[in-house]
1. Please give the number of the condition residue 222 fails out of (1) in contact with a strand residue (DSSP E or B) (Cβ under 8 Å, 6 or more places away or on another chain); (2) free of Cβ contacts under 8 Å to residues at least 60 places away in the same chain.
2. If you check every pair at least six apart or on different chains, which have Cβ atoms under 7 Å apart with a residue in the range 35-57 that is at positive phi first and a residue that is surrounded by fewer than 24 Cβ atoms within 10 Å (Cβ to Cβ) and at pLDDT below 95 second?
């Protein structure tokens, strides 16, 4: 059975999914046709039910739950992994008036946007653009501040930019839970046996990746935004962890808490009548 799989080209995704895409493990009769897109494009594609299995921002789950269920494996959660708010100007002790500043964000449906809203509810001037444009937008003074994710966490300081805040700090202090950044969803219409099989294969693919870290696969290197292998490895080390093998109790609590925060912020309750997780 062939399934369509939509993920990002970032090292954490290509690292996790390489073994199953390229049949390095027993995929239990499944094959995968993959698409690589940035996270906001993936969110938009999921709204159109484009792929059978898709990476999405956890901040967008409440808008997708009618058609997709959350799988247990393959996601990105953790502590100390929040998006960063950055500036070209070195931060001072004077508090920023966020309401007057222009902020670049990596997509309206992203978890980064939700965490920014929770930390800075008074922001009035937001601009959305692909995540890999944001550093340059701040450097070129097209915007006052930017929210960065993915590899840019490891490159902004070398480009002369400064961290204003880690947007995950507010979440962690308020909840004590890991930050749910991105998760994997599969079609709600699939029967339970198929959903469980997909989840097993993703878990096996992740475990295979952990067991073969001595050399990064070509799939990771060929698709990374930053071609320096040390940056790729830092990225993988930060975003691929025990929660990528399975959400566990704390992971599920974190996801449910973020969905609740998203619904409260948007004043839309969409998940009451549905089972959110695939199992």
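1. In the conditions (1) in contact with a strand residue (DSSP E or B) (Cβ under 8 Å, 6 or more places away or on another chain); (2) free of Cβ contacts under 8 Å to residues at least 60 places away in the same chain, residue 222 misses (1) alone.
2. Here the result reads 49/67, each pair linking the range 35-57 to a residue that is surrounded by fewer than 24 Cβ atoms within 10 Å (Cβ to Cβ) and at pLDDT below 95.
Okay, residues lined up against (1) under 26 Å from residue 227 (Cβ atoms); (2) without any contact (Cβ under 8 Å) to a residue 60 or more places away in the chain; (3) under 20 Å from the mean Cα position of the chain (by Cα); (4) not assigned by TED's automatic domain parsing to the domain that holds residue 118:
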residue	(1), (2), (3), (4)
151	yes, no, yes, no
155	yes, no, yes, no
158	yes, yes, no, no
161	yes, no, no, no
165	no, no, yes, no
168	no, no, yes, no
171	no, no, yes, no
183	no, no, yes, yes
188	no, no, no, yes
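The values are calculated or read from the model by the stated rules, or taken from the named source; none is laboratory data. Note that the coordinates shown come from a computational prediction; the quantities given were computed from them, not determined experimentally. All Cβ positions, even for glycine, are placed from backbone atoms using ideal geometry, and neighbour counts span all protein chains on display.
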